[in-house]
Amino acid sequence: MLPWVDLLLERVKNEYNKQYPKYSVVEATHDDINYIHSIVKNSDFDELNLKTHLMNDYKHGNASIWKSTCHHGEIIYIGDNEKVPIHVWWRCVRLLAKLPVRIVIFGSNNLRKMPTHGTAVRAAHINGGYANRCDPRSIVIYRKEEATRVLIHELLHASCSDPKTDSIPHLESDTEAWAEIIQCAMIAKGLKAAWSKCMKEQIAYSLRQAASLRDNHGVRSEQDYAWRYTLGRLDVWRRLGLDVPQIPESYEPLTSLRLTLKEPLS
């Protein structure tokens with residue numbers, strides 16, 4: 001096993017040996033609502049205006065807003081009343097954040113799907129959140145699908161964990177590769193055999209997705225937008241010493257653009 005794997009799994013195991021952070025759920029304040037509206041006006045990456053649609057649902061009584069707080073910061077959630085993995089989200093924060101966070105999650109049910117055959121993949125098809133580098137109070141997520149994986153990704157950005165590079169595609173591919181490694185570690189609760197199984201399945205899924213993107217949407221290099229989240233992560237995993245075969249020529253195509261197979265549920 002690679003040395004960095006043991007270090008990561010030990011840290012995650014230590015997290016799961018503790019109870020999840022104690023938090024309270026309270027009503028959002030007037031200032032919280034104003035802050036949410038300021039985010040909605042900022043349309044970065046959210047080409048489908050999913051944040052705006054959710055706020056319209058809230059205005060018409062079809063969505064709710066609540067806030068979870070603890071000494072690690074606050075998470076504000078906008079969406080339906082279905083259960084969300086708030087315990088897991090606070091574990092992510094305790095594991096990765098260096099300072100108190102402010103996280104806003106718009107729980108849109110819009111799914112990541114490949115566009116029409118031959119069409120380029122854009123942010124509208126694949127993105128689900130953003131954050132400012134080194135600013136743990138700037139995290140915004142706007143899809144419920146894979147919210148935990150996106151949270152890990154954005155916490156890495158917000159915690160100054162980005163690699164030293166001027167290339168945004170390579171920065172994003174590095175961050176995404178690590179986010180998926182960490183998510184598998186959390187699914188495995190730090191257990192080595194379970195993490196190895198999760199990563200093996202995740203790599204196999206990622207290869208199928210990469211092949212589908214290559215053949216159906218022309219994604220081949222960092223010049224193609226989707227590369228930074230998909231094909232690029234394969235290169236990062238190889239550099240880290242993981243066993244990642246070449247992208248297959250024969251495979252079962254995928255139509256989903258969700259980046260991970262599984263999510264931590266506890």
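All of the numbers you see were taken from the coordinates with simple rules; none came from a lab. All figures in this text were calculated on a predicted structure; none of them were measured in a lab. Positions of Cβ are generated from backbone atoms using ideal geometry, with glycine treated the same way; all protein chains shown enter the neighbour counts.
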Taking Lys and Arg as +1 and Asp and Glu as -1, residues besides residue 29 with C-beta under 15 Å from its C-beta add up to -2
Taking placed amide H atoms and a strict 5 Å upper bound, the residues 5 or more places from residue 105 or on another chain that come that close are 76, 77, 78, 141
Other residues with Cβ under 12 Å from the Cβ of residue 192 give, with Lys and Arg +1 and Asp and Glu -1, a net charge of +1
Membrane-span-like helices (DSSP H runs, Cα span along own axis at least 18 Å, mean Kyte-Doolittle at least -1.0) in the chain -> 3-16, 168-187, 192-217
Rounded to the nearest Å, the spacing of the alpha-carbon centers of segment 4-47 and segment 226-240 is 25
Sorted by chain and then number, the residues having a modelled amide H within less than 5 Å of the amide H of residue 129, at least 5 places away or on another chain, are 142
